[in-house]
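Peer 1: I have a structure I would like to understand better, so I am pasting it below and will then ask my questions one at a time.
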Amino acid sequence: MELPTTSTSEPLNVDILSRVLGELLPAKNRGTDESYADLLDDLLHFNVLTEKDLRALLKKHMSAVAEAEAVQAKRKGVDHFFVHVGLARRALRYEVGDKALNEFQVERRRPREGTPTETPKAPARKRVTKRPSAA
């Protein structure tokens, strides 16, 4: 996995994230429905704020990420295991540690104050039964 050295200081967004991961990571790992928005939240929380920061993170951890990918793929008997978001999140995990990333992800999933904790239920419908018609 070869990483180009050119990068920008433009603020990271979903489009830039998708494009950079598409450029830097193997095409075989690209998923059909990747959660770039969730990954972006993780990256921004841990101060990966620009394309330049993202490229630096991936460059720093690319060999460890590739090794983890190879181990998981071999273990599962598949050609590849992680999608692009998973590979990038793995690099972030190596950067900030399992504990920090796990704690943030758990906290992010907690309901925020003032938001409903349950989905409102639809009102119950009356059951209509047909009576046999007198013929």
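The numbers here are math on the coordinates, done by the rules we state, and not lab data. This one's a predicted model, so the numbers in the text were calculated from it and none came from an experiment. Here the Cβ is made from the backbone with ideal geometry for all residues, glycine too, and neighbour counts use every protein chain on show.
Peer 1: What spacing in nm lies between the two simple spin-label points modelled at residue 64 and residue 47, each 7 Å away from Cα in the Cβ direction?
Peer 2: So the two model labels end up 1.7 nm from each other.
Peer 1: For the stretch 1-78, what's the relative contact order in percent, using C-alpha pairs closer than 8 Å and at least 6 residues apart? Kindly include the intermediate steps, with their values, before the conclusion.
Peer 2: Details: 44 pairs, mean separation 32.8, N = 78.
Normalised by residue count, the contact order of the stretch 1-78 is 42 percent.
Peer 1: What spacing in nm lies between the two simple spin-label points modelled at residue 33 and residue 9, each 7 Å away from Cα in the Cβ direction?
Peer 2: About 4.0 nm separates the two model spin labels.
Peer 1: List the aspartates and glutamates whose Cα sits under 17 Å from the Cα of residue 52, skipping any in the same chain fewer than 8 residues away.
Peer 2: Cross-link targets: 2, 10, 15, 23, 41, 42, 95.
Peer 1: With 23 Å as the limit, write out which pairs from 60/99; 76/99; 28/74 have Cα-Cα distances beyond it, or answer none. It would help to have the intermediate numbers written out before the result.
Peer 2: On the way: 60/99 20 Å; 76/99 25 Å; 28/74 15 Å.
Exceeds cut-off: 76/99.
Peer 1: Oh, and also: Quick check: pseudo-label points 7 Å beyond the Cα along Cα→Cβ at residue 110 and residue 71, how many nm apart are they?
Peer 2: For residue 110 paired with residue 71, the spin-label model returns 3.1 nm.
Peer 1: Count charges around residue 82 for me, please; just the other residues with Cβ under 15 Å from its Cβ, Lys/Arg as +1, Asp/Glu as -1. List each step's numbers first, then the result.
Peer 2: Details: positive: 28, 30, 74, 75, 76, 89, 90, 93; negative: 33, 34, 38, 42, 67, 69, 79.
That sum, taken over residues with Cβ under 15 Å, equals +1.
Peer 1: Compute the signed sum of charges (Lys and Arg +1, Asp and Glu -1) over the other residues within less than 14 Å, Cβ to Cβ, of residue 30. Let's see the in-between values first.
Peer 2: On the way: positive: 19, 28; negative: 23, 33, 34, 69, 79.
Computed value for this residue: -3.
Peer 1: According to the square roots a ≥ b ≥ c of the eigenvalues of the Cα gyration tensor, what is the shape class of the stretch 45-112, taking rounded for a/c under 1.5, prolate for a/b larger than b/c otherwise, and oblate for the remainder?
Peer 2: Values: a/c = 2.34, a/b = 1.35, b/c = 1.73.
Verdict is oblate for the stretch 45-112.
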